[in-house]
C-alpha cells in the first residue's frame with residue numbers, strides 16, 4: 001500500500017506541475033502581448049502541431065493511469081474502503097481523459113465544434129468530483145489535514161474554471177488556476193513524502209498502522225496527542241511554505257516574461273493572436289454597421 005501511495009502522489013506531481021507551469025507561461029505571454037485581446041483557453045496549442053506532444057502524452061497516459069487504478073481496485077478485495085478509493089480516482093482520471101479527447105477532437109481533428117466555455121465548465125465539474133474522491137479511506141488527524149488542503153486547492157481550481165467559463169477574459173482567474181495547479185503538484189508530492197516515507201514522517205508519529213486483518217491503513221499513528229497536534233501544525237506550516245514558494249515562482253515567471261519579450265510563448269505571434277485580433281475587430285465594427 002505504501003508503494004502504491006507514493007507512486008500515485010508522484011504521478012500526480014508529474015502531471016500537475018508541468019501543466020500548471022505551461023499554462024502560466026502561455027497565458028501570461030498572450031496577456032502581455034495585448035491585455036485587451038486576452039482570452040483564456042482550455043489548452044494553449046503551439047504552432048507547429050508537433051510541439052503539442054504534452055497534450056498527446058496526456059491523451060495516452062491518462063487512460064493508462066486510470067486502468068492502473070482499476071487494477072489496484074480489484075486487488076483490494078478484502079478492504080472495500082481502499083477498493084472504492086482507487087475506483088473513485090480511476091473515474092476522475094477517466095473524466096480528465098475525456099476532457100483531453102474533447103479538446104483534441106475540436107482543435108486537432110475539427111470534428112466537434114465545442115466552445116471553450118463548455119470545456120471550462122466541464123473541467124470545473126471534474127475538479128469538484130475530484131475533491132469528493134481525495135482522501136477516501138484516509139484516517140487520522142494529520143492525514144485529514146494533508147488531504148483536506150489538497151481538497152481545498154482542488155475546489156479553488158474548480159471555481160477558477162467555472163469563472164473562466166463565464167468570463168474567459170479574466171486573467172486573474174487564469175493566473176490563480178495556474179498557481180493552483182502548480183501548488184497542487186508540489187503539495188501532492190509533499191503529502192506522499194510525509195505520509196508514506198519514513199525519512200519525511202513527522203516526529204513521534206508512525207508511518208502506517210497494520211490492521212489485524214493484515215491490511216495497511218493509511219494513518220499516521222502518533223504516540224502522544226501533542227505529537228499529533230504538532231504534526232498537524234507542521235503540515236499547515238509546510239502548506240504555507242509551499243503556497244508562498246509557488247506564488248513567488250509564478251510571479252517570477254510573469255515578471256521575466258514581462259521584462260523580456262523573446263522568452264514569451266510563440267503562440268502569441270501565431271494564428272491564435274491573429275484570430276483574436278480579427279474577432280475583436282469584428283466586434284468593434286458591429287456597432288458601426290448597426291448605426292449605418
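Of everything in region 106-136 that's modelled with pLDDT of 80 or more and within 21 Å of residue 60 (Cβ to Cβ), which residue is surrounded by the fewest Cβ atoms within 10 Å (Cβ to Cβ)?
It comes out as 122.
Every residue, every condition in (1) in contact with a strand residue (DSSP E or B) (Cβ under 9 Å, 6 or more places away or on another chain); (2) modelled with pLDDT of 75 or more; (3) more than 22 Å from residue 155 (Cβ to Cβ); (4) assigned to a loop (DSSP other than H, G, I, E, B), yes or no:
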site	(1), (2), (3), (4)
175	no, yes, no, no
178	no, yes, no, no
181	no, yes, no, no
185	no, yes, no, no
189	no, yes, no, no
194	no, yes, no, no
202	yes, yes, yes, yes
212	no, no, yes, yes
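When you look at residue 78, is it surrounded by fewer than 19 Cβ atoms within 10 Å (Cβ to Cβ), in a loop (DSSP other than H, G, I, E, B), at pLDDT below 80 and more than 16 Å from the chain's Cα centre (by Cα), yes or no?
Criteria met by residue 78.
Could you pull out the residue among 229, 256, 237 that is within 24 Å of the chain's Cα centre (by Cα), modelled with pLDDT of 70 or more and more than 18 Å from residue 32 (Cβ to Cβ)?
Criteria check complete, one pass: 237.
Which condition breaks for residue 28 when tested against (1) modelled with pLDDT of 70 or more; (2) not in a helix (DSSP H, G or I)?
Status for residue 28: all satisfied but (2).
Would you call residue 72 closer than 24 Å to residue 188 by Cα, part of a helix (DSSP H, G or I) and modelled with pLDDT of 90 or more?
So residue 72 does not fit the description; no.
Which one is surrounded by the fewest Cβ atoms within 10 Å (Cβ to Cβ) among residues in region 31-58 that are modelled with pLDDT under 80 and in a helix (DSSP H, G or I)?
The selected residue is 50.
The values are calculated or read from the model by the stated rules, or taken from the named source; none is laboratory data. Everything quoted here is computed from the prediction, not taken from an experiment. Note: ideal-geometry Cβ built from the backbone for every residue, glycine included; neighbour counts use all protein chains shown.
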